[in-house]
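Comments concern the structure below.
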Amino acid sequence: MTGPNPYRFGPTRGELWFWLWASVFGLLFMAFALFYRGFPAGPALAEVVALPLLVFGYLIGRSVKRLIRREHP
């Protein structure tokens with residue numbers, strides 16, 4: 001007998017694809033904004049570059065890992 005699906009409360013396959021594409025477009029939008037407005041200096045660098053890279057990078061990595069390993073309900 002197998003136990004219940006350990007991923008039954010996790011994001012579905014469709015949600016993982018949504019977060020993957022939303023993060024890719026978020027990074028593309030950030031790159032466009034940096035190209036259009038220029039690179040910020042000082043503390044704005046952390047807000048404009050580091051935080052989006054951290055958040056979107058994590059979401060991309062998590063989505064790709066879970067899609068490849070089929071860790072979704």
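The values are calculated or read from the model by the stated rules, or taken from the named source; none is laboratory data. Owing to the predicted nature of the structure, the values given are computational and were not obtained by experimental measurement. Cβ coordinates were reconstructed from backbone atoms using ideal geometry, including for glycine residues, and neighbour counts include every protein chain displayed. Surface accessibility is based on the protein's heavy atoms, side chains included, excluding ligands, DNA and RNA. Shrake-Rupley method; radii C 1.70, N 1.55, O 1.52, S 1.80 Å.
Below is a table of values for the structure above.
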| quantity | calculated |
| --- | --- |
| Potential lengthening between PHE25 and ARG8 on full extension [0.36 nm per residue; Cα-Cα distance subtracted] | 3.3 nm |
| C-alpha long axis of helix 13-37 to longest principal axis of the chain, angle in ° | 10 |
| Whole-number accessible area per residue in Å² for the chain, which is evaluated in the context of all protein chains at 1.4 Å | 78 |
| Reciprocal mean inverse distance between Cα atoms of the chain - Kirkwood radius, Å | 13.9 |
| The stretch 33-72, Rg to Rh (Cα coordinates; Rh as Kirkwood inverse mean 1/r) | 1.22 |
| Pairwise FRET efficiency - GLU71 versus LEU45, Cβ, R0 = 22 Å, nearest 0.05 | 0.05 |
| Chain lengthening between TYR58 and GLU15 when straightened (0.36 nm per residue, less Cα-Cα) | 14.0 nm |
| Sum of side-chain charges, ARG69 neighbourhood, beta-carbon under 14 Å (Lys, Arg +1; Asp, Glu -1) | +4 |
| From phi via Karplus (6.51, -1.76, 1.60), per-residue ³J(HN,Hα) for the stretch 39-55 in Hz, x at Gly/Pro | 7, x, 10, x, x, 5, 4, 5, 6, 8, 10, 5, 5, x, 4, 5, 5 |
